[in-house]
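Just below is one structure, and these are the notes that go with it.
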Amino acid sequence: MESSIRPAFSLRSFSFETIEAGILVDHPQFRRRAPGTARFLRQAAPAFFREISKDYSREILASDFTPQPKLWKAEGLHAAWLGHTTVLLKVDGFTILTDPVFSTRVGVAVGPLIVGIKRLVDVALDREDLPPIDLILLSHAHMDHFDLASLRTLESPTTQIVTAAYTSDLLRVRRYAHVHEVRWNDSVTVGPAKIKAFQVQHWGARMRGDTYRGYNGYLIEIGQRRIVFGGDTAYTEVFKSIKSSQPVDLAIMPIGAYDPWIRVHCNPEQAVQMAGHAGAEFILPVHHQTFQLSREPKFEPVERALAAVGSATERICLRSIGQEFHL
Ligand SMILES: [Zn+2]
Ligand SMILES: [Zn+2]
């Protein structure tokens with residue numbers, strides 16, 4: 001009995017649901033394979049804890065590149081991929097950090113421990129080496145995007161946060177200059193930046209019952225620069241609504257965690273297509289290589305993204321964690 005359950009119960013197959021929303025027991029595989037969830041968990045426990053201990057002893061790889069934001073000029077558009085969906089942006093001197101995750105492990109706090117999944121590759125820049133951040137942009141409250149431990153270290157009276165509807169209760173809001181909750185199609189101005197939220201194809205629940213939480217993509221406008229931050233999304237036509245006479249300089253697009261989660265995560269071809277819908281010239285792929293959330297091999301998303309742009313491979317402007325892009 002136990003051996004027939006074990007193959008379905010590996011970190012590879014279950015981790016996405018636990019981290020993306022903590023809905024461990026709501027996974028279809030659980031329902032299909034175990035009419036009694038408690039009985040199933042009891043039977044699967046030995047295999048589960050073997051996987052956990054293997055994961056604890058696994059070493060985290062260093063990133064191949066280390067960005068040098070101290071050398072970035074005030075003018076122009078500068079970006080560095082720090083890992084997963086964390087991007088450091090500096091646009092005409094204004095500094096933005098998207099979905100900051102600096103923790104080794106993301107998941108649920110149980111006492112002093114975090115029960116969740118561990119990075120494959122270390123964050124490319126230590127928290128201490130970050131420049132002062134003017135704005136933190138949070139797409140949604142899933143644990144691989146909205147990491148409370150990282151956000152606490154970023155608390156500052158000079159930093160503002162823009163986040164999705166009904167998510168600011170997770171933050172210690174008084175420790176930032178301002179926390180703005182933004183609903184779909186609403187805009188907010190933060191310093192020189194105009195931030196407009198748009199609806200992506202995803203969901204917002206962090207735990208099982210909090211389905212009221214929002215989930216956003218963002219259009220960032222600073223001076224003549226326009227940047228799209230796609231957040232976490234499956235394929236959606238909504239990116240067409242972003243296209244205007246003004247070009248989009250850069251689209252930060254998720255490209256991983258699609259196998260088998262294609263209903264909530266786009267594949268690389270769809271990410272390229274959506275960036276095209278928005279009229280984006282350059283694509284900065286995120287949400288890959290950092291956490292094993294799904295079944296596709298680690299480098300498949302970036303290889304497929306490169307194939308999807310044909311001979312224009314320079315459009316995929318970053319490929320490895322820690323690389324920088326300048327425009
Ligand atoms: Zn998500
Ligand atoms: Zn995610």
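Just so it is clear, none of the values below were taken in a lab; they were calculated from the coordinates. All of these numbers come straight from a predicted model, not from anything done at the bench. All Cβ positions, even for glycine, are placed from backbone atoms using ideal geometry, and neighbour counts span all protein chains on display.
What ranking of 98, 66, 189 emerges when the number of other C-beta atoms within 10 Å of each C-beta is taken as an exposure proxy, fewest first?
Details: 98 28, 66 15, 189 10.
Ascending Cβ contact count within 10 Å gives the list 189, 66, 98.
When the distances between all Cα atoms of region 69-326 are binned every 5 Å from zero, what whole-number percent does each bin get?
Result, from short to long distances: 1, 6, 14, 19, 22, 18, 12, 5, 1, 0, 0 percent.
Note the full-extension length gain between residue 262 and residue 172 as 0.36 nm times their separation in residues minus their Cα-Cα distance, in nm to one decimal.
Taking residue 262 through residue 172 to full extension adds about 29.0 nm, to one decimal.
Quick one: if you stick a label point 7 Å off each Cα along the C-beta vector at residue 314 and residue 244, how many nm between them?
Placing both labels 7 Å beyond Cα along the Cβ direction yields 2.7 nm.
Over the chain, calculate the relative contact order: mean separation of alpha carbon pairs under 8 Å at least 6 apart, over the residue count, as a percent. Walk me through the numbers on the way to the answer.
Details: 738 pairs, mean separation 56.7, N = 327.
For the chain, the relative contact order is 17 percent.
Need one number: nm distance between label points at residue 208 and residue 120, each 7 Å from Cα along Cα→Cβ, rounded to one decimal.
3.0
How big is the C-alpha Rg of region 240-327 next to the rule-of-thumb value 2.2 N^0.38 Å, as a ratio? Walk me through the intermediate numbers first.
Numbers: Rg = 12.7 Å, N = 88, 2.2 N^0.38 = 12.1 Å.
Its radius of gyration relative to the 2.2 N^0.38 Å reference: 1.05.
Please report the antiparallel percentage of the DSSP beta bridges confined to the chain, to the nearest 5.
On the way: 37 of 59 bridges.
Antiparallel bridges: around 65 percent, rounded to the nearest 5.
Which order results if 243, 196, 54, 70 are arranged by neighbouring Cβ count within 10 Å, fewest first?
Working: 243 14, 196 17, 54 10, 70 7.
Going from least to most buried by this count: 70, 54, 243, 196.
Could you tally the net charge around residue 119, taking each other residue with its Cβ under 13 Å from the Cβ of residue 119, Lys/Arg +1 and Asp/Glu -1? Walk me through the numbers on the way to the answer.
Details: positive: 58, 105, 118, 298; negative: 55, 59, 122, 144, 147.
Taking every Cβ under 13 Å from that of residue 119, the sum is -1.
Which far-off residues, 5 or more places away or on another chain, put their amide H under 5 Å from the one on residue 122, with H placed in the peptide plane?
Here 61, 62, 63 satisfy the definition.
Using helices alone, what [θ] at 222 nm do you get for the chain, with -39,500 (n - 2.57) per DSSP H run of 4 or more residues, divided over all residues and rounded to the nearest 500?
When only DSSP H runs of four or more count, the value is -6000 deg cm²/dmol.
Per-residue HN-Hα couplings for region 157-169, Karplus 6.51 cos²θ - 1.76 cosθ + 1.60 at θ = phi - 60°, whole Hz, x for Gly and Pro?
For region 157-169, the Karplus curve yields x, 10, 10, 9, 10, 10, 9, 6, 4, 6, 10, 6, 5 Hz.
Residue 252's amide H: which non-local residues (gap 5+, or another chain) put their own amide H closer than 5 Å, with H modeled 1.01 Å from N in plane and none for Pro or chain starts?
Here 228, 229, 230, 284 satisfy the definition.
By how many degrees, between 0 and 90 and to the nearest 10, does the Cα long axis of helix 11-20 differ from the longest principal axis of the chain?
In the chain, helix 11-20 runs at an angle near 50 degrees to the longest axis.
Enumerate the calculated ³J(HN,Hα) couplings along region 114-131 in order (Karplus 6.51 cos²θ - 1.76 cosθ + 1.60, θ = phi - 60°), each rounded to whole Hz, writing x wherever the residue is Gly or Pro.
Each residue's phi maps through the Karplus curve to give 9, 9, x, 10, 9, 4, 8, 10, 5, 4, 6, 9, 5, 3, 5, 8, 6, x Hz.
Once you've got the Cα coordinates, tell me which of 194/243; 118/298; 70/196 are over 18 Å apart. Before the final figure, lay out each step's value.
On the way: 194/243 16 Å; 118/298 14 Å; 70/196 28 Å.
Flagged as over cut-off: 70/196.
Would you calculate the separation in nanometres between label points at residue 194 and residue 55, each defined as 7 Å from the Cα along the Cα-to-beta-carbon direction?
Result: 4.4 nm between the two label points.
How do 326, 202 line up, fewest other C-beta atoms within 10 Å first? Could the numbers behind the result be given before it?
Details: 326 12, 202 23.
Arranged by neighbour count, lowest to highest, 326, 202 become 326, 202.
Two decimals is fine: what's Rg over Rh for region 68-167, C-alpha atoms, Kirkwood radius as Rh? Provide the component values of the computation, followed by the final result.
On the way: Rg = 13.7 Å, Rh = 14.2 Å.
Here the Rg-to-Rh quotient is 0.97.
Quick one: what are the phi-derived ³J(HN,Hα) couplings along region 215-232, Karplus 6.51/-1.76/1.60 with θ = phi - 60°, whole Hz, x for glycine and proline?
7, 10, x, 9, 9, 10, 10, 10, x, 8, 7, 10, 10, 9, 10, x, x, 10
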